[in-house]
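The structure under discussion appears below in the form of structure tokens.
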Amino acid sequence: MSEPNPVIGRDFMSILASKGVDFLLSREGKVPLSSCDGKVICLFFSANWCRPCQAFTPQLVQLYHILKAEDKNLEIVLVSFDREEDGFKEHFKCMPWLAVPFDVELHGQLSSVYSIDRIPSFVSLASDGTLIDEDPIGLIEDYGSEAFPFNKARREELRAIDDAKRKGGKIEHLLAHEGRNYVISRDARKILVSELVGKTIGLYFGAYWCPPSRAFTAQLIEVYKELTNMREGCLEIILVSTDRDIMEFNINLSNMPWLAIPYEDRTRQDLSRIFHIKGIPALVMIGEDGKTMSTDGKGMISLYGAKGYPFTERRIIEIEAELKEEGEALPQQVKDRKHEHALKLDMARAYVCDCCKRQGRFWAFSCDVCDYDLHPACVQQGNL
């Protein structure tokens, strides 16, 4: 939103009164302007034809009901951008708050006064009509009803809470809250979050609808099973689903041997915000002390597999040193009796050995001419 117009200091109700408007609309009829006296007034600039408005409105309705139930001193007022009154009425009928009567000229003036350059926009006003903060729609999308009263101080407070959760070393603060102290398994068992304390935790952000997520899930399952067989209980993965509905979530979780945040729990969205997740799949690694070790667990798993455990930067440095030492001990070129071309030593993150047909990782002897790879161990076993 651009810099506010100097006229913004005028009381919103005075602007209406100057145009001869002495009431607002509710779904039941007319409401006197005095019904908003002393309240935080939030102007919702929206339109029935606007898809982003239609997508945001249900979230705002939920927020409104929660804040009203908490007796917050709040009123939302729709300022319509609809071009026809029928569109305005259709849009307003799903809203539990108030509206400025349909008047294209008045709505245009209000949008100019409050420097509205896009919709939906949400303008919070103090009781004297002055602007509280910039458009808080992003804040509402991130924090829901916790965003109230939508001012800069509350924004900074919420971000500080996120930072504390991300850095604080308390897995219970990340995964649980007052209304839920457990995560769930694919067979619907409830596992107390307290039982996860002291383990390495991977927060897996993914969705069934996303092909890259499904591909990484298969890779992560292999690593999880390998580590579970080697060190039972050392690692736990928690699905933080971004599936589109509960049916997709259930299908997704049914293919996974680990745990999940319940689909209906807002903690899923909170964790995405706390760890700044911008795309999926993503894997955040939490150490045994509850502190974040890496936000690029996916990269670690893809490059090093189970060998990367416990997925710390120190371990990655160790692995790179070990691999360098292994490479220096291997010949730079070999000849396989089953293949016509010379094979050169190569660093391959993943391949299938043409001798034993098993998955390979890291060092391989590869052909520059055709698709042919050997495990170093297979070469050492005499296939020359």
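When Ala176, Ala164 are checked against the criterion of being without any contact (Cβ under 8 Å) to a residue 12 or more places away in the chain and not polar (S, T, N, Q), a single residue qualifies: Ala164. Taking every residue in segment 87-102 that is more than 17 Å from Ile41 (Cα to Cα) and pairing it with any residue that is surrounded by fewer than 16 Cβ atoms within 10 Å (Cβ to Cβ), at least 6 positions away or on another chain, the pairs with Cβ-Cβ distances below 6 Å are Phe102/Glu85. Annotation: Gln359 fulfils all but one of (1) open to solvent by 40 Å² or more (accessible area, probe 1.4 Å); (2) under 30 Å from Val183 (Cβ atoms); (3) among the polar types (S, T, N, Q); the unmet one is (2).
Note on segment 178-218: residues that are touching a Gly at 6+ places or on another chain (Cβ under 8 Å), assigned to a helix (DSSP H, G or I) and open to solvent by less than 10 Å² (accessible area, probe 1.4 Å) amount to 2. The residue that is nearest to Ala176 (Cα to Cα), among those in segment 267-313 that are part of a strand (DSSP E or B) and open to solvent by 40 Å² or more (accessible area, probe 1.4 Å), is Thr292.
Candidates are the residues of segment 225-248 that are closer than 29 Å to Ala164 by Cα, touching a strand residue (DSSP E or B) at 6+ places or on another chain (Cβ under 7 Å) and not hydroxyl-bearing (Ser, Thr, Tyr); the one that is surrounded by the fewest Cβ atoms within 10 Å (Cβ to Cβ) is Cys234.
Determine, yes or no, whether Gly169 is outside any helix (DSSP H, G or I) and within 30 Å of Glu236 (Cα to Cα). The answer is yes for Gly169. Restricting attention to segment 78-116, and to residues there that are in a helix (DSSP H, G or I) and among the β-branched types (Val, Ile, Thr), which single residue is farthest from Gly20 (Cα to Cα)? Within segment 78-116, the match that is farthest from Gly20 (Cα to Cα) is Val113.
For segment 316-334, does any single residue satisfy the condition of being under 24 Å from Gly169 (Cα atoms) and either part of a loop (DSSP other than H, G, I, E, B) or of a type in the set (A, V, I, L, M) (or both)? Yes, some residue in segment 316-334 is under 24 Å from Gly169 (Cα atoms) and either part of a loop (DSSP other than H, G, I, E, B) or of a type in the set (A, V, I, L, M) (or both).
Would you say Met347 is of a type in the set (A, V, I, L, M) and under 28 Å from Thr242 (Cα atoms)? When the stated conditions are applied, Met347 does not pass them. Only one of these is under 28 Å from the mean Cα position of the chain (by Cα) and free of Cβ contacts under 8 Å to residues at least 40 places away in the same chain: Val61, Val79. Name it. Matching residue, one of Val61, Val79: Val61. Residues in segment 22-36 that are outside any strand (DSSP E or B) and either at pLDDT 90 or above or acidic (Asp, Glu) (or both): Asp22, Glu28. Close contacts from segment 300-322, counting a first residue that is of a type in the set (Gly, Ala, Ser) and a second that is open to solvent by less than 40 Å² (accessible area, probe 1.4 Å), with Cβ to Cβ under 6 Å and a gap of 6+ residues or different chains, come to Gly305/Val223; Ala306/Val223; Ala306/Leu227; Gly308/Met300. Is one or more of the residues making up segment 235-250 of a type in the set (Val, Ile, Thr) and part of a helix (DSSP H, G or I)? Within segment 235-250 (the criterion being of a type in the set (Val, Ile, Thr) and part of a helix (DSSP H, G or I)), the answer is yes, since at least one residue qualifies. Considering Gly129, Gly138, the condition of being small (Gly, Ala, Ser), open to solvent by less than 20 Å² (accessible area, probe 1.4 Å) and at pLDDT below 90 is satisfied by Gly129 alone. Of all residues in segment 152-177, those that are open to solvent by 40 Å² or more (accessible area, probe 1.4 Å) and more than 23 Å from Gly198 (Cα to Cα) total 7.
Residues in segment 317-344 that are of a type in the set (A, V, I, L, M) and open to solvent by 30 Å² or more (accessible area, probe 1.4 Å): Ile317, Ala321, Ala329, Ala342.
The values are calculated or read from the model by the stated rules, or taken from the named source; none is laboratory data. Fair warning: this is a prediction, and the values are worked out from it, not measured in the lab. With ideal geometry, Cβ positions are generated from the backbone for all residues, glycine too; neighbour counts draw on all protein chains shown. Remember, those area values only see protein heavy atoms, side chains included, never the ligands or the DNA or RNA. Shrake-Rupley method; radii C 1.70, N 1.55, O 1.52, S 1.80 Å.
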